[in-house]
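Worksheet for the structure shown next.
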Amino acid sequence: MAIWFQGFSVDELNRHGKNTMSEFLGIQFTEIGDDFLTATMPVNERTKQPLGILHGGANVVLAETVASTAANAVIDLSQFYCVGLEINANHLRSVAEGFVTATTSPIHIGRTTQVWQINIFNEAGKKTCTSRMTAAVITR
């Protein structure tokens, strides 16, 4: 059974990111599972740091994008909205080219806070970053 408040599509998620940092960095949602969301991001001139590898901050943007989207998808947006309260990231392996893929799933979905786990993988399927985001649930 899916955790999402209402149905939505990958196309809707990607349209929602138009004219935002997500679009600028090339973040694209790719999969909606019963209890997870997945998005990709290219490793290119917009996401690399001067040493030629993926910038840690780009990992965090990807992680917060996928987790914040998931946090807002499990609530009634006519009554509430979610914003990031805290995020951390451990960068485990560098990435110099290709794409990275982030998958988020809930650790806790509460009335006033949510906690989401985000794992990021390279194209070979090796974990490159692990992150956790806490979202505040705010009444409209």
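Here are some residues: ILE107, ILE120. Which one is among the β-branched types (Val, Ile, Thr) and under 15 Å from GLY26 (Cβ atoms)?
It is ILE120.
Identify, by number, the condition in (1) under 14 Å from the mean Cα position of the chain (by Cα); (2) touching a residue at least 12 places away in the same chain (Cβ under 8 Å) that ARG140 doesn't meet.
Answer for ARG140: the failing condition is (1).
If ARG15 satisfies all but one of (1) surrounded by 15 or more Cβ atoms within 10 Å (Cβ to Cβ); (2) over 13 Å from the mean Cα position of the chain (by Cα); (3) in a helix (DSSP H, G or I), what's the number of the condition it fails?
It is condition (1) that ARG15 fails.
Just need a number here: residues in region 84-125 that are open to solvent by 60 Å² or more (accessible area, probe 1.4 Å) and either within 19 Å of PHE5 (Cα to Cα) or touching a helix residue (DSSP H, G or I) at 6+ places or on another chain (Cβ under 8 Å) (or both).
Summing the residues that are open to solvent by 60 Å² or more (accessible area, probe 1.4 Å) and either within 19 Å of PHE5 (Cα to Cα) or touching a helix residue (DSSP H, G or I) at 6+ places or on another chain (Cβ under 8 Å) (or both) in region 84-125 gives 6.
Tell me, which residue of region 126-135 that is under 23 Å from ARG46 (Cα atoms) and surrounded by fewer than 19 Cβ atoms within 10 Å (Cβ to Cβ) is nearest to the chain's Cα centre (by Cα)?
Per the stated criteria, the residue is THR130.
Okay, residues lined up against (1) touching a Ser or Thr at 6+ places or on another chain (Cβ under 6 Å); (2) in a strand (DSSP E or B); (3) under 19 Å from VAL60 (Cβ atoms):
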site: ASN90; (1), (2), (3): yes, yes, yes
site: ARG93; (1), (2), (3): yes, no, yes
site: ALA96; (1), (2), (3): no, no, yes
site: THR101; (1), (2), (3): yes, yes, yes
site: SER105; (1), (2), (3): no, yes, yes
site: ARG111; (1), (2), (3): no, no, no
site: MET133; (1), (2), (3): no, yes, yes
site: ILE138; (1), (2), (3): no, yes, no
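What pairs can you find where one residue is in region 1-12 and part of a loop (DSSP other than H, G, I, E, B) and of a type in the set (A, V, I, L, M, F, W, C), the other is open to solvent by 80 Å² or more (accessible area, probe 1.4 Å) and modelled with pLDDT of 95 or more, and their Cβ atoms are less than 6 Å apart, with a gap of 6+ or different chains?
Final answer for the pair search is ALA2/ASP34.
Tell me, which residue of region 23-65 that is of a type in the set (Gly, Ala, Ser), open to solvent by less than 20 Å² (accessible area, probe 1.4 Å) and within 30 Å of GLN6 (Cβ to Cβ) is farthest from the chain's Cα centre (by Cα)?
GLY33
Can ILE138 be described as at pLDDT 95 or above and surrounded by 17 or more Cβ atoms within 10 Å (Cβ to Cβ)?
no
Pick from VAL43, VAL95, VAL66, VAL10: which is within 16 Å of MET133 (Cα to Cα) and of a type outside the set (Phe, Trp, Tyr)?
After ruling out the rest, the residue left standing is VAL66.
Please enumerate the residues belonging to region 52-83 that are in a helix (DSSP H, G or I), without any contact (Cβ under 8 Å) to a residue 60 or more places away in the chain, out of contact with any helix residue (DSSP H, G or I) (no Cβ under 8 Å at 6 or more places or on another chain) and β-branched (Val, Ile, Thr).
VAL66
The values are calculated or read from the model by the stated rules, or taken from the named source; none is laboratory data. Predicted model, so just to flag it, every value in this text is computed and none were measured. Backbone-built Cβ (ideal geometry, glycine too); neighbour counts: all protein chains shown. Note: accessible area is taken over every heavy atom of the protein model, side chains too, but ligands, DNA and RNA are not part of it. Shrake-Rupley method; radii C 1.70, N 1.55, O 1.52, S 1.80 Å.
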